[in-house]
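The values are calculated or read from the model by the stated rules, or taken from the named source; none is laboratory data. Because the structure is a prediction, the values reported are computed rather than measured. Note: ideal-geometry Cβ built from the backbone for every residue, glycine included; neighbour counts use all protein chains shown. For the accessible areas, the whole protein counts, side chains as well, though only heavy atoms, and no ligand, DNA or RNA atoms are used. Shrake-Rupley method; radii C 1.70, N 1.55, O 1.52, S 1.80 Å.
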Amino acid sequence: MAQISVIQDIFVQNTQSKGLGSTHENYFRKIEEIAKIYNGYVRNERTYCKTCHMPISAKEIRGLTTKIKCNCEKKADEENQKIFEKRQSFEKVQKLKSISLFGKRYKNVTFENSETGLNPSFDMAFNRAKKYCENTEIVLKNGYGIYLFGDKGTGKTHLTACIANSLISKGKPVLFTNLIRISQLVKSTFNKSSSTTEQEIMGRFQNVDFLFFDDLGTEIFTKGQNDTWLQCLLFDLIDNRYTNQKSTIFSSNYTLNELINQRGIMEKTVDRICEMTKGAVMKFEGESRRIAVKSKEIPF
């Protein structure tokens, strides 16, 4: 009842100070005025909110009367704040997707819309990948990575896209790329008219929270007895992320040993990849999922 009297006492005191007295008539006129100002109603000589039916109260600071928000207004504020935060989160996710370098095919791939139960090796990796995303903060803090390898078309890129989109939904910056694309971006800075430097491009891939390397090992790293430019580019990138404990997810058609023995990647580079993905090297087996296209998926 103390809160109820606050606003009404203020108006009654104002009435008295103007020499209008504190008659019952003046009192009722004032509380009706309060009800009109604050869209309320009068009952039992008190004013109430029309929406939540709680008493209207106010506070006076330096001669100014300010209404104290009632329950419905507080609830409305909370709902508006939730809507605002949800919109901000959505806009952040869309922005992260726009800079992630995703192709159209993988932009909306998620754990939820992925098919499982067809390939045991895929399902095993799928479940571990979900746990990886469920522990995002621990993963990020420790720089844990993943190495997925196996035959073509067995779902490696699909699963890395699931991981990437899950991390983006949590507001984590992601870049989804391959070494050829990185090299093209770096080479574009060699042009005198370029407004971007090589250091800026490399910094983007070195510093992002989560970097996804797709199809590692398809590039040419040696010619004759000499290393190609890509060899140094790959080492610089991997070494920087290794040193700074940045989480990196790799997919490849090759085992880690085959990257050295068959694809010619320097042993010191592969050693760092081994350390970055220790305990999370997963093999994919089975037939290509790309070849086994269901007829119902095409309109003819």
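Screening the candidates ASN80, ASN142 for the property of being modelled with pLDDT under 80, more than 18 Å from the chain's Cα centre (by Cα) and not hydroxyl-bearing (Ser, Thr, Tyr) yields one hit, ASN80.
What about GLU219, is it open to solvent by 50 Å² or more (accessible area, probe 1.4 Å), at pLDDT below 90 and not β-branched (Val, Ile, Thr)? Can you show your working first?
On the way: open to solvent by 50 Å² or more (accessible area, probe 1.4 Å): no; at pLDDT below 90: yes; not β-branched (Val, Ile, Thr): yes.
The answer is no for GLU219.
In this structure, THR189 qualifies as of a type outside the set (A, V, I, L, M, F, W, C) and farther than 22 Å from PHE210 by Cα. Within segment 267-281, can you find the residues that are modelled with pLDDT of 95 or more and either basic (Lys, Arg) or open to solvent by less than 60 Å² (accessible area, probe 1.4 Å) (or both)? Matches in segment 267-281: LYS268, THR269, VAL270, ARG272, ILE273, CYS274, MET276, THR277, ALA280. Under the condition of being more than 16 Å from LEU211 (Cβ to Cβ) and touching a residue at least 40 places away in the same chain (Cβ under 8 Å), which residue from segment 126-155 is most open to solvent (accessible area, probe 1.4 Å)? Among residues in segment 126-155 that are more than 16 Å from LEU211 (Cβ to Cβ) and touching a residue at least 40 places away in the same chain (Cβ under 8 Å), the one most open to solvent (accessible area, probe 1.4 Å) is LYS152.
Would you confirm whether or not segment 192-214 contains a residue that is touching a Gly at 6+ places or on another chain (Cβ under 7 Å) and open to solvent by less than 70 Å² (accessible area, probe 1.4 Å)? Show your work before the answer.
So in segment 192-214, the residues touching a Gly at 6+ places or on another chain (Cβ under 7 Å) come out as none.
The answer is no; no qualifying residue exists.
Of the helices (runs of 4 or more DSSP H) that lie entirely inside segment 138-242, those containing 3 or more residues that are within 28 Å of PHE122 (Cα to Cα) span 156-169, 179-188.
Report whether or not VAL109 is open to solvent by less than 40 Å² (accessible area, probe 1.4 Å), hydrophobic (A, V, I, L, M, F, W, C) and modelled with pLDDT under 70. Here the answer is no, as VAL109 does not meet what is asked.
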